[in-house]
1. Out of the residues in segment 110-123 meeting the condition of being under 19 Å from the mean Cα position of the chain (by Cα) and open to solvent by less than 50 Å² (accessible area, probe 1.4 Å), tell me which one is farthest from Gln84 (Cα to Cα).
2. Which count do you get for residues in segment 62-74 that are part of a loop (DSSP other than H, G, I, E, B) and open to solvent by 10 Å² or more (accessible area, probe 1.4 Å)?
3. Select, from Ser53, Ser37, Ser59, the only residue that is open to solvent by 20 Å² or more (accessible area, probe 1.4 Å), modelled with pLDDT under 85 and assigned to a helix (DSSP H, G or I).
4. Looking at (1) part of a loop (DSSP other than H, G, I, E, B); (2) at pLDDT below 90, which is the one condition that is false for Val111?
5. Out of (1) touching a residue at least 24 places away in the same chain (Cβ under 8 Å); (2) outside any strand (DSSP E or B); (3) within 25 Å of Ser24 (Cα to Cα), what's the single condition that is false for Gly121?
6. Would you confirm whether any residue within segment 67-86 is over 14 Å from the mean Cα position of the chain (by Cα), basic (Lys, Arg) and at pLDDT below 90?
7. Which of the residues belonging to segment 75-90 are open to solvent by less than 80 Å² (accessible area, probe 1.4 Å) and assigned to a loop (DSSP other than H, G, I, E, B)?
Amino acid sequence: MNRDKFGVSRLRVADGEQLPEGSSAVALTPIGTLSLSARERTDGIDVSTTRGSQSKRQSNRAKSVYVPLNTRAQPFYPIMCTFQESIISKLYLANSKRGVQTLQNPRLRKVLTGGKVKNCGVVSLESRTVAGVSRSSVRGRQ
């Protein structure tokens with residue numbers, strides 16, 4: 001993850017021996033959701049799995065949500081942006097939900113996105129198969 005002064009980072013996958021200068025490690029950590037209420041939050045990240053009408057079957061609900069955490073267990077918001085002149089979408093990480101507005105700011109285009117942003121939004125990276133760690137085990141690692 002490459003940090004910048006705007007609180008938004010670009011997510012990159014790189015070989016551990018060829019990391020760009022100034023980058024820092026981030027792990028997509030599965031946080032368990034079955035024990036959480038629909039509106040409960042984990043360290044500032046909304047892990048709600050409610051979308052429209054809920055299924056009555058427990059198996060259809062996410063068991064975990066992958067939350068990007070840095071080496072100090074600080075969470076980030078995954079934000080996906082689409083672009084006006086491209087079919088490619090890019091994933092960014094932000095330290096707050098304001099990252100959506102920051103990425104859509106046309107004055108910051110050259111610095112952050114490199115193109116005309118069509119739309120950005122926080123995305124939920126859900127898993128129905130991985131149970132995930134509990135909130136207490138994540139908070140206890142600080």
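The values are calculated or read from the model by the stated rules, or taken from the named source; none is laboratory data. Predicted, not measured: the structure shown is a model, and the values here were computed from it. Heads up, the Cβs are rebuilt from the backbone with ideal geometry, glycines too, and the neighbour counts pull from every protein chain shown. In case anyone asks, the SASA skips ligands and DNA or RNA and just uses the protein heavy atoms, side chains included. Shrake-Rupley method; radii C 1.70, N 1.55, O 1.52, S 1.80 Å.
1. Selected residue: Val123.
2. Residues of segment 62-74 part of a loop (DSSP other than H, G, I, E, B): 62-63, 71-74.
Pick out the ones that are also open to solvent by 10 Å² or more (accessible area, probe 1.4 Å) and you get 63, 71-74.
Looking only at that region, the number is 5.
3. Numbers: Ser53 fails: assigned to a helix (DSSP H, G or I); Ser37 fails: assigned to a helix (DSSP H, G or I).
Answer to the check: Ser59.
4. (1)
5. Gly121 satisfies every listed condition except (2).
6. Yes, the conditions are met somewhere in segment 67-86.
7. Phe76, Ser86
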